[in-house]
1. Hey, what's the per residue convex hull volume over the C-alpha atoms of the stretch A:138-194, in cubic angstrom?
2. Give, in nm to one decimal, the length gained when the segment between A:Leu261 and A:Ile12 is fully stretched (0.36 nm per residue of separation minus the Cα-Cα distance).
3. From the convex hull of the Cα coordinates of the stretch B:1-93, what is the mean projected area in square nanometres?
4. May I ask for the angle, rounded to the nearest 10°, between helix B:135-146 and the longest principal axis of chain B, with both axes built from Cα atoms and the value confined to 0 to 90°?
5. For the pairing of chain B with chain A, what total accessible surface becomes buried, with a 1.4 angstrom probe, in square angstrom to the nearest 100?
6. Quick check on packing: order B:184-192, A:46-54 by the mean number of other C-beta atoms within 10 Å, highest mean leading.
7. Assuming a ≥ b ≥ c are the square roots of the Cα gyration tensor eigenvalues, decide whether the stretch A:221-336 counts as rounded (a/c under 1.5), prolate (otherwise, with a/b larger than b/c) or oblate.
8. Hey, which aspartates and glutamates would be in cross-link range of A:Lys55, C-alpha to C-alpha under 16 Å, not counting anything within fewer than 8 residues on its own chain?
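The values are calculated or read from the model by the stated rules, or taken from the named source; none is laboratory data. Note that this is a predicted model, so its numbers are computed, not measured. Cβ atoms come from the backbone with ideal geometry, glycine included; neighbour counts cover every protein chain shown. Note: areas computed on protein heavy atoms with side chains; ligands, DNA, RNA excluded. Shrake-Rupley method; radii C 1.70, N 1.55, O 1.52, S 1.80 Å.
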Amino acid sequence: MKAASHTARILISAVLTLLGLLLATFLIARVVPIDPALAILGDRASASSYEQTRKELGLDRPLYVQFGRYVASVARGDFGRSALTKNPVAQDIGRFFPATIELATGATLIGALLGVPAGLYAAARRGKVTDHVMRALGLFGYSVPVFWLGMMALVLFYADLGWVAGPGRIDTALEDFVPHVTGFIMIDAALSGDGEAFRSALSHLVLPALVLGYFSFAYISRMTRSFMLQELGQEYIVAARAKGLGERRVLWVHAFRNVRLPLITVIALAYAGLLEGSVLTETVFSWPGIGQYITNSLLSIDMNAVLGGTLVIGVMFIAVNLIADLLYRVLDPRAR
Amino acid sequence: MVAPSRRFPPLATLGAAIVVASALIAFAAPLLAPYAPYAQDLAHRLEPPGGAHWLGTDELGRDILSRLIYGARVTLGIVALVSVVTAPVGLLVGCVAGYFGGWVEAVLMRVTDIFLALPRLILALAFVAALGPGIENAVLAIAIVSWPPYARVARAESLTLRHAEFIDAARLAGASGGRIVLRHIMPLCLPSVIVRMSLDMAGVILIAAGLGFLGLGAQPPTPEWGAMIATGRQYMLDHWWVAAMPGIAIAVLSLAFNLLGDGLRDWLDPKQR
């Protein structure tokens, strides 16, 4: 019963946060110093047609009514039309979304697969050289701008060394041969059995995913280290060591088991953070995802597109956090 | 918070030294910069580092070192403005919530949590896009998304103070709620907020650089580091230094703030170690 009410609380708080996000985008749309009615009519319209248009757009209604209508239209998946691409924003986002997910997922995988062992190792060798090197790597990750690191990586690994493919998702020559099934280009290439396209897509993904993954590596390894240090100070670890268990077993089996749960939250947060971080990374790598869609729309003040993209990333952000919270509840035996 | 007697961590000292040095460099920019930040010299454009231009020249032949030195003014100015706006707001929200409790606390902290759960960078982007590009709007946007952590910290501190005897004494002496928050609680929450701030400054620098990079922050020809990286992008394959140098400046300054914040936190709070 108690568990159920706790789950309900988590859900309610996610819904409130979602409303907060909608309110934020709604208010941002309202502060644009462009009068939507004037934008349609031009500034030589008569006063009566101006009033008429304002009425049609619902601008004469109280703000809370306008907000209600806004929420309703977003819930229907209607984000308006993009001034730049002339398509409905929802349709644009559907096209760009898979690329962002592909990049963020690849990056989180890299960050988690490297970050967790690194944090574990650093905790086990606390105060030694390895620990300091890991910490320095982590601190650097917290300090360097992601778009800059991306550019430098492109110069070095693509232009100079030629180890990876350059900007974009796949070689342009191959682009039209990959059938559009899921929108995830690697999956589509694999499904069609096109080995060359798959390799090209992979080679394009590696560098941006590594650059972005480095940031989640910094975060994940740092958190793993501090969780592990907390566990290693517990009495059951002393008992396990006193029993004569090998250090590897103490670390991986005893301590790590208790660290897994909080790590789920950390990795989820890292993933949510990367969805956001992808905005700047995609620009550098010409990665055709939501981030690039937003940044392209920014300068032409295509607010429908900007706010639609913001909403989608914000919703993903909230959803990932919610899933992590719920997963934690399911996996933690104390919560059942 | 008791004044600790332990030695101040050396890395934090290094961080503090870099921050102070950058502030001095920014302050004395006209004296230190070898060239004027806007002086174009088209005969010597895109020259590699070395010789007359230690860090090379950009696409208009402007001296990159001089532009970095003047750029410190822009970046530190943004950092200072954001702190001046956000810290008092966060402090006030947190202290009022912590001291008064009840529904005031519930509402204020709910709002804080909502702000904390939203993606910062992307909301800041949307704000600036709506308000129009420029430093003032960038500062405003960063401030709007940056105050919640301070409110959290200040609330946690003021919760422990709420039932302290000296607060009861002040209340019995007839002090109003407003006076107690402003004069007795807020000053005591300040140290934790300052620690949190130095940890946050690196993030502010990175967001500001990101906005500059996307063309939403300082406008050309202002020597802002993020914007400098953006122009360097066109030339990066053959003239890497144009984009590389400002990035190094950003990394060094935000690393310094990170070292300082980490050290301060460890120093003041032994539990974190």
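1. Values: hull volume 7.4 nm³, N = 57.
Measuring per residue, one finds 130 Å³ for the Cα hull of the stretch A:138-194.
2. That works out to 87.4 nm of additional length.
3. 9.2 nm²
4. In chain B, helix B:135-146 runs at an angle near 40 degrees to the longest axis.
5. Numbers: alone 13770 and 18660 Å², together 28720 Å².
That pair of chains buries around 3700 Å² in total.
6. Final packing ranking: B:184-192, A:46-54.
7. Since a/c reaches 1.5 and a/b is larger than b/c, the shape of the stretch A:221-336 is classed as prolate.
8. A:Asp35
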